[in-house]
Amino acid sequence: MKLKNPSKSASQTLTQSDTRLLVRETLRISANLASAPPPSSTDPVVTPQDSSFGGLAPDDQFLNSSLRLICCEEVEGRRWQYYAENGNSVTVSGAKRLKKNSIRAVALQTPKAPVDELITFIRSYVVPEGFPDSVTPSYVPYMTWRALKHFFGGAMGVFTTQTLLSSLGVARNQSAPGAVAINWILKDGAGRVGKMLFARQGKKFDYDLKQLRFAGDLLMEIGAGMELATAAVPHLFLPLACAANVAKNVGAVTSTSTRTPIYKAFAKGENIGDVTAKGECVGNIADLLGTGLSIFLSKRNPSLFTTFGLLSCGYVMSSYQEVKSVVLHTLNRARFTVAVESFLNTGRVPSLQEGNSMEDIFIPPWKQHRPIVLGPRFKDAFQDPNSYLALEPIFEKERYIVTYNPSKGNIYALFKDQAKSDDILKAAFHAHVLHHIISSSNQKSSSKEHDLSAVLPSVGDLESHITESYKMVSALYGPFKNRAKEQGWVMSESHLNPGRARLCELAR
């Protein structure tokens, strides 16, 4: 990349390798603007910049440059500026068009030190999101003493496991019990590491609890299958047992983390403790009965794999119906999709029972949050800078921007830094409306054209679709909210799990 330096010599350029100089120049321009004296009547007016918006320089600074500043973005306190290269053609208004696929991001801060990166990484695993504001002051001492308790418990477990295996006569010599105990402890340790890593899912345990609960049960079955496989390949006992324990411990974390929200949905008063205790009692009774059945069957020497397959089918089917029967009042992404699609197709919002029954329980990882992405990074939503500049005036009065990326097949809802909870809900509704319009248009096109490329909307069609969706949202969003509340739905942006990227204001 070559950046023309706005000086008297138009031929002076910066080499591609000098990326740091581009960052330094951006920050220097911003600092000069903030400290510059008031302009004279003959000088062009330059507005001083507020540091809260990243110290952005106005577009006038790039009139003589091959790059043009088009957007600023902030993600968890870290800011980026996005530039695009000027093209040779001009628009109807006389401004230069920007080259496609020329968007470049420039970080406005130096990279974090390795120690800070490590601390941030550890915090994402050991403290809740939003800590310390998201918890009470008693959380820290409780977790400190809890960690110490588990530390001493884990240390004792090594000696107790070794003693138990030795008492059972695992081997005749003295060294074998220790080796077997170490292998067993390594297996359990791998499971605990998997449990710890999966805990990073964080708030997903609150709003996607059905999906995570069913996925956890599937992992439990996969882990059980790996344990069964050790009988066929005993020389691979340790790796298979470790992998099985990882899967089963992840499933255990999911079950434990989603248990309280599920029981909370059943409790009508301040009786959640009683509901939880009775629910666990029912589970323990059923577990004991299942253990008794397995002991009875094992005495008849049935086919191990056949029996396991039949029991696994019953387990998975029961797990699916278990989570399917839970009726939640909140609109997460899956239930929000059901409610909006029903409203757009029939004009009515489904009831709590209908919405929960139509919710997708199993969503493969590669299809999660597709084709609608909330709160993405700017570079993921836009490849053509002209597309962004064309949509900006349409959403001037809104605190979000909705677009469609044909190359990725996704609809993106980007949020401005002033976006509140209702703005995020409205943006999600708008994204579904745009998806509905594009899908209807694609069905009409595909019925006339057998060529797949004919289904992809052109730039002009895309702008007309977005304009049409904007008018529909203005007319339908209010009625949708009212009918959802009438059905008993609770809408909150936190249940939609939007991304944390926000668009900052550019100085004018």
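Just a few scattered comments:
- In this calculation the C-beta distance from residue 268 to residue 101 is compared with R0 = 60 Å, giving a FRET efficiency of 0.60.
- The listed peptides 370-381, 103-114, 298-309, 238-249, ordered by packing as a protection proxy, come out as 238-249, 370-381, 103-114, 298-309 (highest mean of other Cβ atoms within 10 Å first).
- In nm, spacing of pseudo-spin labels at residue 115 and residue 312 (7 Å Cα→C-beta vector): 4.9
- In the full protein context, segment 257-377 carries 62 Å² of accessible surface per residue, based on a 1.4 Å probe and ignoring ligands, DNA and RNA.
- Mean separation of Cα contacts under 8 Å, 6 or more apart, over the residue count of segment 217-334: relative contact order %: 25
The values are calculated or read from the model by the stated rules, or taken from the named source; none is laboratory data. Just so it is clear, the model here is predicted, and its values are computed rather than measured. Neighbour counts run over all protein chains shown; Cβ positions are idealised from the backbone, glycine included. Quick note on the areas: whole protein, heavy atoms, side chains included, nothing else; ligands and nucleic acids left out. Shrake-Rupley method; radii C 1.70, N 1.55, O 1.52, S 1.80 Å.
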